[in-house]
1. Quick check for me: using +1 on Lys/Arg Cβ and -1 on Asp/Glu Cβ, what's the dipole size of the stretch 149-320 about its Cα centre, in debye to the nearest 20?
2. I want to check the label-to-label distance for Lys181 and Glu332. Put each point 7 Å from Cα in the C-beta direction and report it in nm to one decimal.
3. Let me have the 222 nm mean residue ellipticity of the chain computed from DSSP H runs of 4+ only, each contributing -39500 (n - 2.57), with the sum over all residues rounded to the nearest 500.
4. Among bridges DSSP assigns within the stretch 189-342, what percent are antiparallel (round to 5)?
5. Which of Ala257, Asn288, Pro267 sits closest to the plus end of the dipole of the stretch 247-300, meaning its Cα is farthest towards the positive end, when Lys and Arg get +1 and Asp and Glu get -1 on the C-beta?
6. Would you mind checking the pairs Lys32/Lys131; Lys181/Lys323; Lys205/Lys315; Lys66/Lys95 and listing those with alpha carbons more than 30 angstrom apart?
7. Return an integer: the convex hull volume of the alpha-carbon atoms of the chain, in Å³ per residue.
8. Measure off 7 Å from each Cα along the Cα-to-Cβ vector at Ile206 and Val96, then give the distance between these two points in nanometres to one decimal.
Amino acid sequence: MERIRINMLSNADKVDGQGVGSAYLEQVSLIKDELSDVFDVVINDSAPADIIHCHTILPEYLMKMKRNKGVNVAYVHFLPDTLDGSISLPKSALKVFKKYITYFYNTADYLIVVNPIFIDDLVRFGIERRKIHYIPNYVSKESFYQESEEKVLTVKQRYDIDKDAFVVLGVGQVQTRKGVKDFVEVAKMLPDITFVWAGGFSFGKITDGYDELKEIYQNPPSNVHFIGIVQREEMNDIYNLADILFMPSYNELFPMAILEAVNSQKPLLLRDLELYKDILFNKYLSQNDNVQFAKQIQELKDDPHLYQKYQHYSKEISEYYSKEHVKEMWKEFYCGIQKSGQ
């Protein structure tokens, strides 16, 4: 059987600290390493391919899709609406950018969403339902796993965190929609607990709310550590030094940080968003305001039975998103669209 040639188009790994880059690296690695008998994967290649798979929405990738005689696939890492609260652009420019994103998605023959809840949103933006497919993100258990207590103590020392500290971790770009301000406000209510935020300003000065966020970032409360953008190969250390992953984000598709953190069995405390319900099976804690967030964190710290329950739930989430399951979904999808020729 002749192998199917897939050209992965992406610059997602060019900017550190973005979940899009993590998802891209995991997906490409999964296809290359686990399905090499079926697929021949190339990266940003200029030669013809049976399938072009766009991981980012650069104009040059749009042109490649338009010229391609094979099948075009695009990953939906964000909806036009998720730009609100992420970047600050004049309304006219933002409107044009949103139209461009919709046009890019419409140019592809197939779209991949990482959460089924967004299929209806894409249809609302004028995209045909038949071309949208759901395949979840996946995280390697070789890269993200539980570390020894000795290793955790070493990492805490590296980041100047007390060895006995109860650590609440937030992960993501420093943006308004990520709930960074709420993260800091909750930390103020719990001065005896250590809060760590891993992530920086990947969009620079066009980040929505940049000036206010920069002030918070440079002058945080004494129990809050902004450790900046962390290289992906070091992120497993960060998840392991934490006791809880706290994500107060207002808008997401499927944060890679959640999949990475559950591999080290950290309880999840998330904002009560509809999008989590189908993909995390209610195996997480959720609240909607800062007072309740603070109360929940205190309860997790004080109640070992509650903590162990949600630790076990995180383990169950990590087992669902297994390599074998996601690998078979990709194999079926790529082979199916190649066979249909469209």
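Just so it is clear, none of the values below were taken in a lab; they were calculated from the coordinates. This is a predicted model, so every value here is computed, not measured. No Cβ is skipped: glycine too gets one built from the backbone with ideal geometry, and neighbour counts run over all protein chains shown.
1. Here the size comes out at about 160 debye.
2. The answer from the label model is 4.4 nm.
3. Roughly -12500 deg cm²/dmol at 222 nm, from the helical runs in the chain.
4. 10 percent
5. Pro267
6. Among Lys32/Lys131; Lys181/Lys323; Lys205/Lys315; Lys66/Lys95, the Cα-Cα distance tops 30 Å for Lys181/Lys323; Lys205/Lys315.
7. For the chain, the hull spanned by Cα atoms encloses 131 Å³ per residue.
8. 1.1 nm
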